[in-house]
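Following: one structure in structure tokens, then a few remarks.
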Amino acid sequence: MNRAAVIEHIVNWMKDYTEASRTKGYVVGVSGGIDSALTSSLAAATGFPVTLVEMPIYQSSEQVSRARKHIENLQKQHSNVSRVEVDLTPVFDQFIGSLPNVPGSDAREMSLVNSRARLRMTTLYYFAALEGKIVVGTGNKVEDFGVGFYTKYGDGGVDISPIADLYKTQVYALAEEMGVIEDILVAPPTDGLWGDDRTDEDQIGASYPELEWAMEQQKVGKSAQDFQNREAEVMEIYTRLHRANRHKMEPIPVCEIPEDLLVD
């Protein structure tokens, strides 16, 4: 991969879109993870105004620290970068307090995890509307089109997706090329939605390189039956998640009404 050429391509693509849409710049949520670090770096490189938003909800101190260090590093390099922090923890607590309690429900826990992502999406669009900017997605290829590892209308609710055609390993390569801080480059990937230290791999059951391999195998028609041991296990994980999350990756189904039913 020609890292410099890919970076230039993405930056130019973002600039072209922004000029054509007549918007004023970008809003990016920064979590302290690699995807948002690369995305915000690419946005900053366009020269358009960029608002970086930190939105902690019971976030670990390490994640908050990494996000702040990354933003400070970007601001030293780019005068077009501004920052804002919105502590959503009280909002999240109030939201929980307004809901009926369902003791011991795993479904409720997952619903609240997704609600965190949707609160953040709402916050990003507040600033986008306020400043005439667009919300930039931070999802990569495996998350967005492989296993659907994101929240529908949460971190999946964006205006443009500049890194969604990059595998996670490619994201790391470009982030290193752009000078993303070492703390982020070496941190295990995590969605930061659970309030603990579980990683993406803990949740998914496979690493990103393994998932990238499985995605490539699926493209050529391979399945778990074509492999043994760990490779078969990874293919099963990938296939199961891909099927379960297809609804996130496809357009919203529209019920088309036959014309004759609409005629009086």
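Within segment 13-37, being out of contact with any helix residue (DSSP H, G or I) (no Cβ under 9 Å at 6 or more places or on another chain) and either surrounded by 12 or more Cβ atoms within 10 Å (Cβ to Cβ) or of a type in the set (Lys, Arg) (or both) holds for Trp13, Lys15, Tyr17, Thr18, Arg22. Given the criteria at pLDDT 95 or above and crowded, with 16+ Cβ neighbours inside 10 Å, does Leu241 qualify? Yes, satisfied. Candidates are the residues of segment 177-204 that are small (Gly, Ala, Ser) and closer than 16 Å to Arg66 by Cβ; the one that is surrounded by the fewest Cβ atoms within 10 Å (Cβ to Cβ) is Gly179. Among the conditions (1) without any contact (Cβ under 8 Å) to a residue 60 or more places away in the chain; (2) small (Gly, Ala, Ser); (3) touching a helix residue (DSSP H, G or I) at 6+ places or on another chain (Cβ under 6 Å), Gly221 misses just one, which is (3). May I ask you to verify whether Ser111 is more than 10 Å from the chain's Cα centre (by Cα) and of a type in the set (Ser, Thr, Tyr)? Criteria met by Ser111. The requirement of being in contact with a Lys or Arg (Cβ under 9 Å, 6 or more places away or on another chain), closer than 27 Å to Val136 by Cα and of a type in the set (A, V, I, L, M) is satisfied by Leu211. Scanning segment 135-142 for any residue that is surrounded by fewer than 21 Cβ atoms within 10 Å (Cβ to Cβ), part of a helix (DSSP H, G or I) and of a type outside the set (Phe, Trp, Tyr) turns up at least one such residue.
Taken together, the residues in segment 165-189 that are under 21 Å from Met55 (Cβ atoms), in a loop (DSSP other than H, G, I, E, B) and at pLDDT 95 or above amount to 2.
In segment 10-111, which helices (runs of 4 or more DSSP H) lie fully inside it and hold 1 or more residues that are closer than 23 Å to Lys168 by Cβ?
Working: elements: 34-45, 61-77, 89-97.
Ranges flagged: 34-45, 61-77.
The values are calculated or read from the model by the stated rules, or taken from the named source; none is laboratory data. Keep in mind it's a predicted model, so treat the numbers as computed, not measured. Note: ideal-geometry Cβ built from the backbone for every residue, glycine included; neighbour counts use all protein chains shown.
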